[in-house]
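Only the coordinates and a few stated rules stand behind these numbers; no lab work does. For clarity, every value in this text was computed on a predicted model and none was experimentally measured. Here the Cβ positions follow ideal geometry from the backbone for every residue, glycine too, while neighbour counts run over all protein chains shown.
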Amino acid sequence: VKRLADGLGERRDRDVAIEALTGFNEQMPAPDRKGVSSLIATLRSEQERANEELAPLVDPARLAALSESIEALVAEVRGLE
Amino acid sequence: VKARLVKKLDPAASLGENAGRIVKARLDELVSFAPTALDRGEITAQHDMRIAAKRLRYVLEVTGFCFGRPADTARRRARDLQDILGEMHDCDVMLPRVREHLEALQAEDARAVRERAGSTPDLDPRLAAQAPHRTAYRGLDVLAVYLRARRELLFDRFVAFWERQEETGTWLRLERAVDAHLKRAREARRAARQAEKARVRAEEAERASAEAAARAAEAEAQRRRAAERLPGATEGVQPGSAEPAATDPDQPGT
């Protein structure tokens with residue numbers, strides 16, 4: 001769960017940064033936008049690489065296995081009660 | 001920063017009691033960062049405090065109902081604190097990235113300008129004025145200024161927010177609510193232990209009484225058996241008496 005949360009968190013952080021930079025850039029005069037746009041482009045290409053690394057973590061079979069193991073853990077604890 | 005170990009957790013204890021111990025540990029953790037984090041330049045302490053606020057918030061989201069309204073207020077304030085410190089953290093992360101990006105563009109431009117200069121003995125400034133990314137610098141500089149100024153503003157908000165929580169006693173009221181819950185749990189446990197002891201004592205007394213009654217019955221049975229062995233003595237046997245009753249001194253065997 002921690003690995004999944006870390007992976008998704010990192011991905012989300014970059015999404016948030018891209019969104020914030022885009023919003024900032026829209027407020028700037030057109031001649032000043034180029035630098036921030038290039039930074040956004042860099043972040044987007046990082047995002048694509050990060051997506052590839054994230055893909056195995058959100059694989060449906062893996063998520064189903066995780067869900068099953070948590071359910072089994074809960075059932076085991078309930079059995080002890 | 002690693003979460004502090006929560007001591008005295010007990011699977012046999014109630015949810016509220018265990019949650020109380022976790023909340024106290026997380027609250028202590030949060031408050032412990034305050035003196036350092038309130039120093040403008042202490043970025044690491046501010047980051048650690050954000051994580052501590054997050055941990056407190058999440059444990060209160062799950063178990064806050066055990067501690068009433070103070071927990072609900074503290075959960076909301078922990079979320080607000082997490083948001084402010086999170087935005088400060090975003091600035092702290094983004095600012096070096098902006099500078100790094102600017103540096104990368106300038107390094108690339110320097111290489112390009114140098115290439116254009118060819119084998120001339122010195123560099124013509126007009127070549128630098130045509131650097132490919134020159135129009136990108138300004139936006140990134142403006143962004144860096146924005147991030148620095150925003151961080152300053154957020155820090156001021158953070159300090160004011162923290163002072164406000166101390167004034168209104170948000171954390172103190174949570175601590176008191178948890179302490180009261182833990183005290184009630186301790187008292188309930190003590191009462192349960194005393195009740196259990198009383199039950200055991202009552203059972204022991206009952207058992208002792210039953211054993212005494214059994215012993216008395218056995219003694220009575222033995223006496224009866226002994227009396228029956230004496231010819232003619234049974235008529236005069238009185239219940240509860242070890243000796244045959246002296247009914248008629250003229251009767252043989254008496």
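The set of residues in segment B:107-129 being within 14 Å of chain A (Cβ to nearest Cβ) and surrounded by fewer than 16 Cβ atoms within 10 Å (Cβ to Cβ) consists of B:Ala107, B:Glu108.
Can you tell me which residue is nearest to the chain's Cα centre (by Cα) among those in segment B:133-151 that are basic (Lys, Arg) and within 29 Å of B:Ala112 (Cα to Cα)? Full working, then the answer.
Step one: of segment B:133-151, the residues basic (Lys, Arg) are B:134, B:138, B:148, B:150-151.
Applying the additional criterion that residues be within 29 Å of B:Ala112 (Cα to Cα) yields B:134, B:138.
On the way: B:Arg134: 54, B:Arg138: 49 Å.
Filtering segment B:133-151 for residues that are basic (Lys, Arg) and within 29 Å of B:Ala112 (Cα to Cα), the one nearest to the chain's Cα centre (by Cα) comes out as B:Arg138.
Can you confirm whether segment A:24-46 contains a residue that is in a loop (DSSP other than H, G, I, E, B) and within 11 Å of another protein chain (Cβ to nearest Cβ)? Yes: one or more hits.
Tell me which residues, restricted to segment B:73-96, are touching a helix residue (DSSP H, G or I) at 6+ places or on another chain (Cβ under 8 Å) and within 17 Å of B:Arg164 (Cα to Cα). If the condition is that a residue be touching a helix residue (DSSP H, G or I) at 6+ places or on another chain (Cβ under 8 Å) and within 17 Å of B:Arg164 (Cα to Cα), then B:Thr73, B:Ala74, B:Arg75, B:Arg77, B:Ala78, B:Arg79, B:Asp80, B:Leu81, B:Gln82, B:Ile84, B:Leu85 are the ones that fit.
Among the residues of segment A:11-23, those that are away from chain B (no Cβ under 11 Å) and closer than 30 Å to A:Glu71 by Cα comprise A:Arg11, A:Arg12.
With respect to (1) buried (at least 16 other Cβ atoms within 10 Å of the Cβ); (2) within 14 Å of chain A (Cβ to nearest Cβ); (3) not basic (Lys, Arg), the lone exception for B:Pro132 is condition (1).
Within segment B:83-103, residues that are facing chain A (nearest Cβ under 8 Å) and under 14 Å from B:Tyr146 (Cβ atoms) have Cβ atoms under 8 Å from residues that are hydroxyl-bearing (Ser, Thr, Tyr) and surrounded by 16 or more Cβ atoms within 10 Å (Cβ to Cβ) in these pairs: B:Leu102/B:Tyr137, counting only partners at least 6 apart in sequence or on another chain.
Whether a residue is within 22 Å of the chain's Cα centre (by Cα) and surrounded by fewer than 19 Cβ atoms within 10 Å (Cβ to Cβ) was assessed, and B:Ala74 does not pass this test. Scanning segment B:138-165 for residues that are more than 22 Å from B:Asp92 (Cβ to Cβ) and within 14 Å of another protein chain (Cβ to nearest Cβ) yields one hit, B:Arg138.
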